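Participant: Attaching a single structure in structure tokens format; questions to follow.
The values are calculated or read from the model by the stated rules, or taken from the named source; none is laboratory data. Only a predicted model underlies this, so the values are computations on that prediction, with no experimental measurement involved. Because the Cβ atoms are built from the backbone with ideal geometry, glycine has one as well, and the counts that use them run over all protein chains shown. Areas reflect the complete protein model, heavy atoms only, side chains present, ligands, DNA and RNA absent. Shrake-Rupley method; radii C 1.70, N 1.55, O 1.52, S 1.80 Å.
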Amino acid sequence: MTLLVLLVCGCTGSQRASQAPPAGSPAAALAAATKGPLALVEDRFRARRAADVSGFSLLDSNRDGLRWRMALIDAAQRSLDFQYYMWLGDTSGKLLLERVLAAADRGVKVRILVDDLSTMLEDETHLTLRDHVAAVIDGHPNVEIRLFNAWRSRSLLGRVLESAGDAERANQRMHNKLMIADNHAAIIGGRNIGDHYFGLATSFNFRDLDVLGIGPVSRQASGVFDRFWNSAWVVPVAALDIAVTPGQMERLRAALPGGSAADGELAESWLDATDWSAAFADLPRSLHAGTSVVHTDSADTDEVAHHMPVAIRALLATAREQVLITNAYVIPGAHAIERIREQVAAGVDYRILTNSLASHDVPAVNSHYKVWRPRLLAAGVQLYEVRPDAAVHSLLADTPPVRSDFMGLHAKAMVIDRQRVFVGSLNLDPRSWAINSEMGVVIESPALAQVLAEVMMRDMLPENAWRVIRRDDGELQWTAGAEVHASQPARDFWQRIEDVIFMAFPADLY
């Protein structure tokens with residue numbers, strides 16, 4: 001989860017180690033397309049509705065998370081904007097990249113903003129948005145790629161050495177997740193671009209959430225995108241010294257799926273789909289009406305300004321009856337515990353679902369979360385932890401016919417009083433709260449809130465999660481129906497060793 005350089009060097013500094021590459025020219029999102037499937041969907045949904053009302057659909061399954069991204073890309077007529085922490089070069093990354101290039105070929109203007117961490121990552125295909133791949137794609141006349149917190153050195157070793165002069169800045173990542181099509185449709189939530197987030201990995205897949213929004217919420221999201229796109233923290237790939245040789249675009253396209261189903265492993269017919277007319281015809285009737293505010297941290301100066309904590313505290317303070325929270329990484333802090341205690345004392349039903357050690361992809365987070373379990377329970381929280389063998393694993397996390405070894409939680413969502421919803425990128429831990437940039441959308445919609453509340457309550461059932469309780473003797477216990485554990489469940493003994501080792505590292509490292 002964190003930048004490799006921080007594991008290599010522990011130095012800190014207040015000045016950047018070397019001069020940053022030049023920033024790109026200021027630019028703004030294109031106006032909403034006046035024709036095409038997405039313009040028609042918005043027109044049909046917003047007929048006879050107030051000007052500030054958008055339509056929302058919860059993307060509960062990983063299958064739908066991928067399917068609707070493909071649909072929006074294929075339907076775009078004028079513009080596509082992507083802002084992601086990671087865009088990996090695995091099956092889903094290549095599948096979406098191929099469709100993005102096809103959109104650019106037909107004249108759609110594409111902007112891609114990724115954290116520079118993405119350009120350092122390896123995977124089994126070596127086709128993530130690494131330096132040379134990003135530079136090749138950026139060479140398309142209708143595509144521009146920019147990097148958040150880019151460094152002058154483009155080698156891994158060079159970046160490690162360069163970061164030694166300013167580990168604090170190297171630790172600053174852009175964790176936002178956002179996609180906008182034609183300024184009519186936006187997808188906001190927890191998913192990065194990669195197989196674990198779309199149910200296509202065989203080792204494990206995440207239980208994750210996005211929300212698809214149609215209407216004014218898309219223009220709100222565009223404002224967030226533009227704010228980062230024009231930030232001094234962001235530089236164009238074209239400004240970096242990355243060599244591109246003739247024929248690389250052709251070789252890159254040859255390495256993409258070519259419209260076939262995911263490297264021959266997937267048989268789902270929708271992966272080959274290019275005609276989404278039926279899906280868009282049904283969409284306006286299925287959307288839940290609501291008003292929205294898209295919140296974000298900002299990278300307008302030398303330091304990232306953290307507005308998200310203020311927005312979340314304000315949202316939670318509105319609760320009078322119930323707070324439902326699903327969040328992958330929870331390390332709350334004493335002030336949060338006290339606020340929860342006060343709300344519970346005032347009659348608010350508080351329920352939190354997070355990862356167990358057994359479901360964790362980052363056991364180091366559990367090393368710091370576990371000390372807060374007793375305090376959360378003492379504050380009156382009903383606490384649930386995800387099972388790696390949850391019943392929803394095969395239904396929502398895995399995309400058929402893939403069957404992964406276990407399921408982990410990656411979603412970040414809240415429901416307040418069955419009236420208001422938050423979906424975004426923000427974990428409830430020190431890294432998201434005070435280091436990374438984050439974003440999310442708060443939606444006032446009783447209909448959407450009811451749907452999400454039902455999803456969250458289902459995920460807390462014994463077949464999907466253990467409930468953590470305190471016994472009369474003060475010890476904790478994990479229960480799921482007749483199943484009872486006297487110590488925190490783990491997938492294997494090595495996880496328990498890691499759980500102890502990582503207690504020695506800072507909580508905000510992960």
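Participant: Within the stretch 329-353, track down each residue that is of a type outside the set (Gly, Ala, Ser), assigned to a helix (DSSP H, G or I), open to solvent by less than 30 Å² (accessible area, probe 1.4 Å) and within 20 Å of Asp508 (Cβ to Cβ).
Facilitator: Selection gives Ile337 alone.
Participant: State the number of residues belonging to the stretch 38-49 that are touching a residue at least 40 places away in the same chain (Cβ under 8 Å) and part of a helix (DSSP H, G or I).
Facilitator: Qualifying residue count, the stretch 38-49: 8.
Participant: Mind checking which residues of the stretch 469-506 are buried (at least 16 other Cβ atoms within 10 Å of the Cβ) and among the charged types (D, E, K, R)?
Facilitator: Across the stretch 469-506, the qualifying residues are Arg491, Glu498, Asp499.
Participant: Looking at Gln419, Gln450, which is the one that is touching a Lys or Arg at 6+ places or on another chain (Cβ under 7 Å), touching a residue at least 12 places away in the same chain (Cβ under 8 Å) and open to solvent by 50 Å² or more (accessible area, probe 1.4 Å)? Write out each step before concluding.
Facilitator: Working: Gln419 fails: touching a Lys or Arg at 6+ places or on another chain (Cβ under 7 Å).
Answer to the selection: Gln450.
Participant: Separate question: Hey, can you tell me all the residues within the stretch 86-106 that are open to solvent by 10 Å² or more (accessible area, probe 1.4 Å), of a type outside the set (Asp, Glu) and either modelled with pLDDT of 95 or more or outside any loop (DSSP other than H, G, I, E, B) (or both)?
Facilitator: Thr91, Lys94, Arg99, Ala102, Arg106
Participant: Follow-up question, since we're still on this one. Anything in the stretch 135-160 that is without any contact (Cβ under 8 Å) to a residue 12 or more places away in the chain and either among the aliphatic types (A, V, I, L, M) or assigned to a strand (DSSP E or B) (or both)? List them, or say none.
Facilitator: Residue satisfying the conditions is Leu157 alone.
Participant: Whether any residue in the stretch 62-70 is more than 18 Å from the chain's Cα centre (by Cα), within 25 Å of Thr296 (Cβ to Cβ) and among the charged types (D, E, K, R) is what I want to check. Even if it seems obvious, please write down each step before you answer.
Facilitator: Filtering the stretch 62-70 down to residues more than 18 Å from the chain's Cα centre (by Cα) leaves none.
Within the stretch 62-70, not a single residue is more than 18 Å from the chain's Cα centre (by Cα), within 25 Å of Thr296 (Cβ to Cβ) and among the charged types (D, E, K, R).
Participant: With respect to the numbered conditions (1) under 20 Å from the mean Cα position of the chain (by Cα); (2) modelled with pLDDT under 95, which one is the sole condition not fulfilled by Arg403?
Facilitator: For Arg403, the exception is condition (1).
Participant: For Arg375, work out the one condition from (1) in contact with a helix residue (DSSP H, G or I) (Cβ under 7 Å, 6 or more places away or on another chain); (2) assigned to a loop (DSSP other than H, G, I, E, B) it doesn't fulfil.
Facilitator: Single failed check for Arg375: (2).
Participant: Also, I was wondering about something else. Answer yes if at least one residue in the stretch 143-159 is in contact with a Phe, Trp or Tyr (Cβ under 7 Å, 6 or more places away or on another chain) and at pLDDT below 80, and no otherwise.
Facilitator: Yes, the stretch 143-159 has at least one match.
Participant: Scan the stretch 219-235 for residues that are more than 29 Å from Leu353 (Cα to Cα), among the small types (Gly, Ala, Ser) and either touching a Pro at 6+ places or on another chain (Cβ under 6 Å) or crowded, with 23+ Cβ neighbours inside 10 Å (or both) and report the count.
Facilitator: Adding up the residues that qualify gives 1.
Participant: Moving on to the next point. Taking the conditions exactly as written (farther than 23 Å from Ala317 by Cα and either open to solvent by 10 Å² or more (accessible area, probe 1.4 Å) or aliphatic (A, V, I, L, M) (or both)), does Arg403 satisfy them or not? Lay out the reasoning, then the answer.
Facilitator: Values: farther than 23 Å from Ala317 by Cα: yes; either open to solvent by 10 Å² or more (accessible area, probe 1.4 Å) or aliphatic (A, V, I, L, M) (or both): yes.
Yes.
Participant: Failed condition for Leu72, given (1) closer than 22 Å to Leu396 by Cα; (2) surrounded by fewer than 24 Cβ atoms within 10 Å (Cβ to Cβ); (3) at pLDDT 95 or above, with all others met?
Facilitator: (2)
Participant: Another question, if that's okay. Can you go through Gln77, Gln83 and tell me which one is farther than 29 Å from Asn205 by Cβ, touching a residue at least 60 places away in the same chain (Cβ under 8 Å) and outside any helix (DSSP H, G or I)? Break it down into steps so the answer makes sense when it comes.
Facilitator: Values: Gln83 fails: farther than 29 Å from Asn205 by Cβ.
On inspection, the qualifying residue turns out to be Gln77.
Participant: Which number in (1) assigned to a helix (DSSP H, G or I); (2) within 21 Å of Asp81 (Cα to Cα) marks the one condition that Val235 misses?
Facilitator: It is condition (1) that Val235 fails.
Participant: Filter the stretch 264-278 down to the residues that are open to solvent by 80 Å² or more (accessible area, probe 1.4 Å) and farther than 15 Å from Ala75 by Cα, then identify the one that is modelled with the lowest pLDDT.
Facilitator: Glu265
Participant: When the stretch 279-320 is examined, which residues are found to be exposed (fewer than 15 other Cβ atoms within 10 Å of the Cβ), of a type outside the set (Asp, Glu) and over 17 Å from Met414 (Cα atoms)?
Facilitator: Ala281, Arg285, Ser286, Thr301, Ala305, listed by residue number.
Participant: Would you mind listing the strands (runs of 3 or more DSSP E) fully within the stretch 439-510 where at least 2 residues are over 25 Å from Pro363 (Cα atoms)?
Facilitator: By residue number, 439-444.
Participant: Would it be correct to say that Leu59 is more than 28 Å from Pro141 (Cα to Cα), at pLDDT below 95 and surrounded by 20 or more Cβ atoms within 10 Å (Cβ to Cβ)?
Facilitator: no
Participant: A further question follows. Residue check: is Asp52 in a loop (DSSP other than H, G, I, E, B), surrounded by fewer than 19 Cβ atoms within 10 Å (Cβ to Cβ) and at pLDDT 95 or above?
Facilitator: Working: in a loop (DSSP other than H, G, I, E, B): yes; surrounded by fewer than 19 Cβ atoms within 10 Å (Cβ to Cβ): yes; at pLDDT 95 or above: yes.
It is true that Asp52 is in a loop (DSSP other than H, G, I, E, B), surrounded by fewer than 19 Cβ atoms within 10 Å (Cβ to Cβ) and at pLDDT 95 or above.
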